[in-house]
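Visitor: Could you have a look at this structure, given as structure tokens, before my questions?
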Amino acid sequence: MNRYNLTGRTVAITGSTGGLGSALADTLRARGANLALLDLDLDTARAQAERLGGATVAEGFRADVRDLASLEAAMAGAAEHFGRLDIVIANAGVDTMAPMATLEPAAFERVIDINLTGVWRTFRAALPHVQPHRGYLLAISSMAAFVHSPLQGSYTASKAGVWAMCDSIRLELRSLGVGVGSAHPTFFRTPMMDDVVADPAGRELWGGNDKGLWKMIPLQTVTAGIVDGIERRADQIIIPKTLTLTAKAPGLFRLLIERIGFRNGAVERAIDMAAPSGWHDSRAITRHRPKALRQSPQVVG
């Protein structure tokens with residue numbers, strides 16, 4: 001199959017100013033793509049666009065993945081600004097770190113709304129603009145779609161749901177020539193992973209993510225793998241590729257991974273350590289709330 005040349009194509013990215021979003025924007029711009037940078041914070045997105053070369057090659061737009069109308073407006077604005085929209089990356093995401101028995105319901109619902117329903121809204125808003133160019137839709141899922149860890153029920157459910165949803169939508173759009181893919185990286189360094197490592201429950205479960213089964217891989221490896229997958233219009237992108245068998249046969253490896261990776265004592269200690277809000281650190285709680293709500297006095301996770 002011929003490579004899907006990114007030069008001159010327009011790529012929209014939700015959550016563009018986050019850790020992965022920023023790195024993807026840099027890599028895609030280096031490949032010659034024009035960038036529509038979608039984020040809750042318009043000023044930050046515009047500053048990012050200026051850093052990447054200014055309005056002829058990058059532009060910032062405000063969008064909230066919890067609000068379909070704002071996504072529709074941002075996609076329409078991006079298509080009008082650049083004259084076309086070819087690729088859309090549903091990247092915005094959040095996490096929690098607490099067991100079902102104590103996690104505040106609002107924290108669970110927020111993760112599902114952003115990570116899963118937010119992807120659906122992003123694709124829905126993007127399709128009218130991507131379809132005429134037989135483009136490509138990509139959702140950032142995770143290896144958590146296949147390996148289901150304790151204290152992360154909302155996160156693993158959302159990422160597994162994204163995987164399944166992409167498979168369904170791909171069948172719907174196949175006759176239109178629009179590709180649909182899901183990306184599944186393992187652990188890598190971002191501000192969100194910094195929160196996991198810093199949280200007592202996260203440290204107990206993952207051991208700091210610096211060695212063994214849960215060791216983090218470089219951010220550059222993740223971005224290179226995702227961009228390579230876009231250029232192949234891949235249905236599924238596994239990063240690193242050495243985890244492909246684990247991803248393809250989750251049922252076969254699940255019991256072994258759970259036995260090795262999540263010892264009973266560690267899980268019990270992590271449950272005791274976890275905060276009902278989903279994070280111990282109030283700064284992490286704020287980071288995992290939509291930016292537009294961060295000034296609210298009711299911080300719930």
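The values are calculated or read from the model by the stated rules, or taken from the named source; none is laboratory data. Just so it is clear, the structure is predicted and the values come from calculations on it, not from any experiment. Cβ placement follows ideal geometry from the backbone for every residue including glycine, while neighbour counts extend to all protein chains displayed.
Visitor: Taking SER182 as the residue in question, decide whether it is of a type in the set (Ser, Thr, Tyr), more than 16 Å from the chain's Cα centre (by Cα) and farther than 21 Å from GLU72 by Cβ.
Guide: Considered against the rule, which asks whether it is of a type in the set (Ser, Thr, Tyr), more than 16 Å from the chain's Cα centre (by Cα) and farther than 21 Å from GLU72 by Cβ, SER182 comes out as no.
Visitor: ALA144: of a type in the set (A, V, I, L, M, F, W, C) and in contact with a Lys or Arg (Cβ under 8 Å, 6 or more places away or on another chain), yes or no?
Guide: Taking the combined requirement at face value, the residue satisfies it.
Visitor: Could you tell me how many of the residues in the range 1-22 are surrounded by fewer than 20 Cβ atoms within 10 Å (Cβ to Cβ) and in contact (Cβ under 8 Å) with a residue 60 or more places away in the chain?
Guide: Total meeting the criteria: 5.
Visitor: Hey, which of the helices (runs of 4 or more DSSP H) in the range 190-290, taking only ones fully inside, have at least 2 residues that are modelled with pLDDT under 80 and surrounded by fewer than 16 Cβ atoms within 10 Å (Cβ to Cβ)?
Guide: 250-261, 264-273, 282-287
Visitor: Look at the range 108-132 and say how many of its residues are in contact (Cβ under 8 Å) with a residue 60 or more places away in the chain and either in contact with a Lys or Arg (Cβ under 9 Å, 6 or more places away or on another chain) or hydroxyl-bearing (Ser, Thr, Tyr) (or both).
Guide: Going through the range 108-132 one residue at a time, the tally reaches 4.
Visitor: For the range 22-126, list the strands (runs of 3 or more DSSP E) that sit wholly inside it and hold at least 1 residues that are of a type outside the set (A, V, I, L, M, F, W, C); which are they?
Guide: Of the strands (runs of 3 or more DSSP E) lying wholly inside the range 22-126, those with at least 1 residues that are of a type outside the set (A, V, I, L, M, F, W, C) span 34-39, 58-62.
Visitor: Since LEU28 meets every condition but one in (1) surrounded by fewer than 23 Cβ atoms within 10 Å (Cβ to Cβ); (2) under 26 Å from GLN220 (Cβ atoms); (3) aliphatic (A, V, I, L, M), which condition does it not meet?
Guide: (1)
Visitor: Which ones in the range 16-31 are of a type outside the set (Asp, Glu) and out of contact with any Leu (no Cβ under 6 Å at 6 or more places or on another chain)?
Guide: Passing the criteria: THR17, GLY18, GLY19, LEU20, GLY21, SER22, LEU24, THR27, LEU28, ALA30.
Visitor: Residues that are touching an Asp or Glu at 6+ places or on another chain (Cβ under 8 Å), closer than 26 Å to ILE239 by Cβ and at pLDDT below 95: does the range 96-107 have at least one?
Guide: Checking the range 96-107: at least one residue is touching an Asp or Glu at 6+ places or on another chain (Cβ under 8 Å), closer than 26 Å to ILE239 by Cβ and at pLDDT below 95.
Visitor: Sticking with this structure for a sec: Against the definition (under 15 Å from LEU151 (Cα atoms) and in contact with a helix residue (DSSP H, G or I) (Cβ under 6 Å, 6 or more places away or on another chain)), how does PRO99 come out, yes or no?
Guide: Here the answer is yes, as PRO99 does meet what is asked.
Visitor: List the pairs whose first member sits in the range 70-86 and is surrounded by fewer than 16 Cβ atoms within 10 Å (Cβ to Cβ), whose second member is in a helix (DSSP H, G or I), and whose Cβ atoms are under 8 Å apart, counting only residues at least 6 apart or on separate chains?
Guide: Going by the 8 Å Cβ cut-off, the qualifying pairs are ALA76/HIS129.
Visitor: Regarding ARG121, is this residue charged (D, E, K, R), over 12 Å from the mean Cα position of the chain (by Cα) and closer than 19 Å to GLY15 by Cα?
Guide: yes
Visitor: Among (1) among the hydrophobic types (A, V, I, L, M, F, W, C); (2) in contact with a strand residue (DSSP E or B) (Cβ under 6 Å, 6 or more places away or on another chain); (3) modelled with pLDDT under 90, there is one condition VAL162 misses while meeting the rest; what is its number?
Guide: Condition not satisfied by VAL162: (3).
Visitor: Here is a follow-up. Touching a Gly at 6+ places or on another chain (Cβ under 7 Å) and within 22 Å of ILE237 (Cβ to Cβ), is that true of LEU173?
Guide: no
Visitor: Being surrounded by fewer than 24 Cβ atoms within 10 Å (Cβ to Cβ) and more than 13 Å from LEU127 (Cα to Cα) is the requirement here; does ARG62 meet it?
Guide: Yes; evaluated as a whole, the condition is true for this residue.
Visitor: Shifting gears a bit: Which of (1) touching a residue at least 24 places away in the same chain (Cβ under 8 Å); (2) closer than 16 Å to ASN91 by Cα is the odd one out, the single condition ALA160 does not satisfy?
Guide: Among (1) touching a residue at least 24 places away in the same chain (Cβ under 8 Å); (2) closer than 16 Å to ASN91 by Cα, the lone unmet condition for ALA160 is (1).
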